[in-house]
Amino acid sequence: MKLEEIKAFDKEYFMNTFGERTPVAFEKGEGMYLYTNENEKYLDMFAGIAVNVLGYNHKEFTKGITEQVGKLLHTSSLYYIESQAKLAKKLVELSCADKIYFANSGAEANEGAIKLAKIYFYKKGVEKYEVISLKSSFHGRTLATVAATGQEKYQKPYYPLIPGFKQVEINDIDALKAAVTDKTCAILLEPVQGESGVHPVDEAYIKEVRRICDEKEIILIFDEIQTGIGRCGKMFCYETLGVEPDIFTLAKALGNGVPIGAVCAKQFVADAFAPGDHGGTFGGNPLATKAGLLVLDAMEKENLCENAEKMGTYIESEIMTKLGDKVKEIRRKGLMIGIELFTPASEARQKLFEKKVLVGAVGNTLRVLPPLIITKAEADIFIDALKEIV
């Protein structure tokens, strides 16, 4: 179909939740590039919002997924699933978690983490139900995760929100201490706030948050939906901070485009879930968990965590050298990069799109989240294009 036909169908039949999208439709991908049905080639520096860590048409991933599609897609969790068991084992071996639960998305994983924290105290007979999160955060679009998200634009249409959620400023330990009560069951935060423009938590701050949680028996939850699976230079971002959460969540990159989410928890809190307390029809099905195994295998074999830090450092250094005072600030953790400009980033994003380079934008900040397979040659194409437009 031609682009105009697709747009017409979209306008006529699809709920208008995305409005006017970027005017392009992609047909295939290869490595770092996406191609339209007219064979126009775009350099992808956004990776489907931090999802496609292996890029497109990755040889081993594509082979493994194709084989799995030819065997089995879904059985439900009424039965044992080999790839589900293997992926749970692999994630436990790689992380501080002892138990894993698989969901369908990041929002659903966060929902599961919140439920787990609440039921932990419920089963102890302790009345704790409040969840503290951070302003400018983003945790999903379900009713509970919207209540946890610290942005009014996402919350306002759904008032009254689910009670028990409150937000404080990032890196303000005094504000956090003031918000804690004897009813606080969990503190939920992103190690790096992505959707609001790439804002990392300070190491000193997060270590104090961990201390408060230990002292007051509060569950510490890290939302690693965007930061996990190598994005920040380690397999999980918490490894860069010197702090272990009690629960952390994954999605996005774990499936490299196949929908999957995960709740990863330490034994003491994971034990709160008993048969019937939580579940789902599709979560952790054979296709999704096979995708997760293939992603983790490629991450290790191709040293993609190391490449994320190396290439992130290179991109930051080159931008500062070549653009200098044209850029207000660069905020970065691995290949999670926020480039703050002096003008609205939407204008820069549009100009980059015209040069066939894809990025994200929020406020004055360009969001750069490329596949972790990126090389210096591809980074240079982006940097040179950015230099031209600013």
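The values are calculated or read from the model by the stated rules, or taken from the named source; none is laboratory data. Just so it is clear, the structure is predicted and the values come from calculations on it, not from any experiment. Please note: Cβ atoms are built from the backbone with ideal geometry, for glycine as well, and neighbour counts cover all protein chains shown.
Matching residues to (1) among the small types (G, A, S); (2) outside any strand (DSSP E or B):
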{"position": "R332", "(1), (2)": "no, no"}
{"position": "T343", "(1), (2)": "no, yes"}
{"position": "A348", "(1), (2)": "yes, yes"}
{"position": "I373", "(1), (2)": "no, yes"}
{"position": "I381", "(1), (2)": "no, yes"}
{"position": "A385", "(1), (2)": "yes, yes"}
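Selection over segment 140-198 of residues that are of a type in the set (V, I, T) and in contact (Cβ under 8 Å) with a residue 60 or more places away in the chain gives a count of 2.
For segment 74-90, the tally of residues that are under 15 Å from I100 (Cα atoms) and either in a loop (DSSP other than H, G, I, E, B) or over 25 Å from the mean Cα position of the chain (by Cα) (or both) stands at 4. Applying the condition of being in contact (Cβ under 8 Å) with a residue 60 or more places away in the chain and over 15 Å from the mean Cα position of the chain (by Cα) to segment 219-245 and asking which residue is nearest to I100 (Cα to Cα) yields P245.
Of everything in segment 41-70 that is in a loop (DSSP other than H, G, I, E, B) and in contact with a strand residue (DSSP E or B) (Cβ under 9 Å, 6 or more places away or on another chain), the residue that is farthest from E354 (Cα to Cα) is H58.
In segment 282-289 there is at least one residue that is of a type outside the set (G, A, S) and either in a loop (DSSP other than H, G, I, E, B) or modelled with pLDDT under 95 (or both). Restricting V357, V390, V362 to those that are of a type in the set (A, V, I, L, M, F, W, C) and in contact with a strand residue (DSSP E or B) (Cβ under 6 Å, 6 or more places away or on another chain) reduces the list to V357. Inspect segment 297-316 for any residue being in a loop (DSSP other than H, G, I, E, B), modelled with pLDDT of 95 or more and farther than 30 Å from K123 by Cα and give the result as yes or no. Yes, that holds for at least one residue.
No other residue among A361, A345 is surrounded by fewer than 23 Cβ atoms within 10 Å (Cβ to Cβ), in contact with a helix residue (DSSP H, G or I) (Cβ under 8 Å, 6 or more places away or on another chain) and either modelled with pLDDT of 95 or more or acidic (D, E) (or both) apart from A361.
Per the conditions (1) farther than 13 Å from G230 by Cα; (2) surrounded by fewer than 21 Cβ atoms within 10 Å (Cβ to Cβ), the sole criterion not satisfied by I337 is (2). Looking at segment 83-97, is at least one residue assigned by TED's automatic domain parsing to the domain that holds I218, free of Cβ contacts under 8 Å to residues at least 60 places away in the same chain and closer than 30 Å to T375 by Cβ? Yes, segment 83-97 has at least one match.
Within segment 13-41, the set of residues being closer than 20 Å to K2 by Cβ and buried (at least 19 other Cβ atoms within 10 Å of the Cβ) comprises G29, L34. Just one residue in the set V295, V258 is under 30 Å from G70 (Cα atoms) and either crowded, with 24+ Cβ neighbours inside 10 Å or without any contact (Cβ under 8 Å) to a residue 24 or more places away in the chain (or both); that residue is V295. The criterion of at least 3 residues that are under 24 Å from the mean Cα position of the chain (by Cα) is met by the following helices (runs of 4 or more DSSP H) wholly inside segment 130-184: 143-148, 152-155.
Is it fair to say K322 is charged (D, E, K, R), touching a helix residue (DSSP H, G or I) at 6+ places or on another chain (Cβ under 9 Å) and farther than 23 Å from Q84 by Cα? It is true that K322 is charged (D, E, K, R), touching a helix residue (DSSP H, G or I) at 6+ places or on another chain (Cβ under 9 Å) and farther than 23 Å from Q84 by Cα.
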